[in-house]
Amino acid sequence: MSSKSKEVTLPRSAAGIIDSHAHVVREFFQEEQTEVIKRAFDSGLNHMVNPGVTVNDLDELLEIKSKHENISIAVGQHPHDAKDFTSDMRDRLQHALEKHDLVAVGECGLDYYYNNSERDAQINCFREQIRLARKYEKPVIVHCRDAWDDAFQCLTEEGQGEVRGVFHCFTGGPELLPAIEKLGFYVSFSGILTFGSAKNIQEAAPLVAADRILVETDCPFLAPQKVRGKRNEPSYVWFVAEKLAELRGTTLDDVAQQASNNARALFNLPG
Ligand SMILES: [Zn+2]
Ligand SMILES: [Zn+2]
């Protein structure tokens, strides 16, 4: 265990918690992957959801899942890599949804902040994945940055009111909540919520219905304020829940339990 991580004192609640979005893959954690997973469960996590960012992640995710009963997996093509989404990858995603125990399609979505892929490619890739989610009755894990209107349109048109999902790593403000509520989607808060600069997200946090909140780390990125500068890891989801409880005027116990129940309901997790 690295000595750095030992110094961190985590808030926690006996009820446990679920990190609804953690990229615990070798690319980011190398030989520490197993240790980071152990540290997460030792800190009181009950479960975590590990979504892929490309269909090519499937094999590694299946391997992780086979080793850890408390890790669920999802597969999708991130908007950054929408330009590389071939029909073969679409077919592989469909095959995976038929054959394997995936809890969601994702992450997928639209990112007009970075625009690493052309917008048309992002929209096509996102629409294809919503269609698959609808066909296989899976929720979608949506990555959306500076693309809200288009994301709502894609989800409305392709989802036909039948696709559930979550806006992961929510970076919007209160003005987006009516449209999200209309879609029936969940809102997942990440370490960004703890940053001093995140005023609009902090304003939205108390306004989301209790049965629609989730918490996540999106590790290895976006370590919460109290551990900023470190590589993020699932055990730090406690800091996100702590901040969310403060903003909602409730207890850590309450947020941890509510967010866990919501994650179980959305992703149909065991327990
Ligand atoms: Zn994302
Ligand atoms: Zn992510």
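Coordinate-derived values only; no laboratory data. What you see is a predicted model, and the numbers here were worked out from it, not measured in a lab. Neighbour counts are summed over all protein chains in view; Cβ atoms, including those assigned to glycine, are modelled from backbone coordinates with ideal geometry.
At-a-glance table
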| quantity | calculated |
| --- | --- |
| Options 40, 22: the member that is touching a residue at least 12 places away in the same chain (Cβ under 8 Å), away from ligand 1 (no atom under 15 Å from the Cβ), under 18 Å from residue 61 (Cα atoms) and out of contact with any Gly (no Cβ under 9 Å at 6 or more places or on another chain) | 40 |
| Test result for residue 151, surrounded by fewer than 23 Cβ atoms within 10 Å (Cβ to Cβ) and free of Cβ contacts under 8 Å to residues at least 60 places away in the same chain | no |
| Of the criteria (1) within 15 Å of ligand 2 (Cβ to nearest atom); (2) on the phi > 0 side of the Ramachandran plot, which one residue 161 fails | (1) |
| Residue count for segment 161-209, restricted to those that are of a type in the set (S, T, N, Q) and closer than 20 Å to residue 76 by Cα | 2 |
| Unmet requirement for residue 37, which otherwise passes all of (1) assigned to a helix (DSSP H, G or I); (2) within 15 Å of ligand 2 (Cβ to nearest atom) | (2) |
